[in-house]
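Nothing in this text is a laboratory measurement; each read-out follows from the coordinates by a stated rule. What you see is a predicted model; the values in this text were computed from it and never measured. Cβ placement follows ideal geometry from the backbone for every residue including glycine, while neighbour counts extend to all protein chains displayed.
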Amino acid sequence: MRRRRRTREDVVQRICDAARQLFAERGYGGTTTREIARLADVSETLLFRYYRDKAGLFNEVVIAPFHTLMADFVELHPDPTAPFPRQAETRRFTRQVYELFEGNEAMFRALLAGPPSAGEDAAPGLRGLAPFFEQSVDQVRRRYALAEIDPPFDLGIGVRLGFGMIAASVILRDALFPDPPGREAVLDVLEQLIAQSLVGPPLD
């Protein structure tokens, strides 16, 4: 039976879906364009017609969406000049970070296993979060100052580790929890662990 002619949009979508899946499963170095083409059910020649090389495809399906996602996420973070958040806001924000990784797990896995070179095609790691980290550190530092308390740790490190704990709870979930405790149980502990690093001391 003759196969229906595919549209350009359909071909591009199939290539992107296949590439994103393989990059997440095998990393950049462990994935070939031939394997991507096979999974997408297109010829490798057709793949190269749309994307000049593997690095360009990785940029299209992982790096570019990552930068867009981070830009949108930074907009969600409270303005450091706004009133300081209380426990309810801390809980909400912790969930937002968790859901960011939960809803984009494959992309983050692919990103972290990206190209090892330092060239322009190299994976950006989590550098797109720099504005978020800077805002968070400024906010927490001001909160400690208002409470007239000296921070018990380096706030720059604390903020990043707090965020990292949330990321690890999703990306390293299977390794950390052979017997899954449940999503809400994990979130409840995370909220308590990162309270000081992402929010600072209570002001009430």
D10 versus E184: modelled label distance in nm, points set 7 Å from Cα along the beta carbon direction: 4.4
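Extension gain A168-H67, at 0.36 nm per residue separation less the Cα-Cα distance, in nm? Write down the numbers at each step before the final one.
Working: separation 101, 0.36 × 101 = 36.36 nm, distance 1.98 nm.
Working it through step by step, the gained length comes to 34.4 nm.
Can you tell me the length gained on complete extension of the stretch E25 to L46, counting 0.36 nm per residue apart and subtracting the Cα distance?
Working: separation 21, 0.36 × 21 = 7.56 nm, distance 2.29 nm.
Working it through step by step, the gained length comes to 5.3 nm.
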Amide N of region 149-164 lying under 17 Å from the label point, which is placed 7 angstrom from the Cα of D138 along Cα→Cβ: 155-157, 159-160
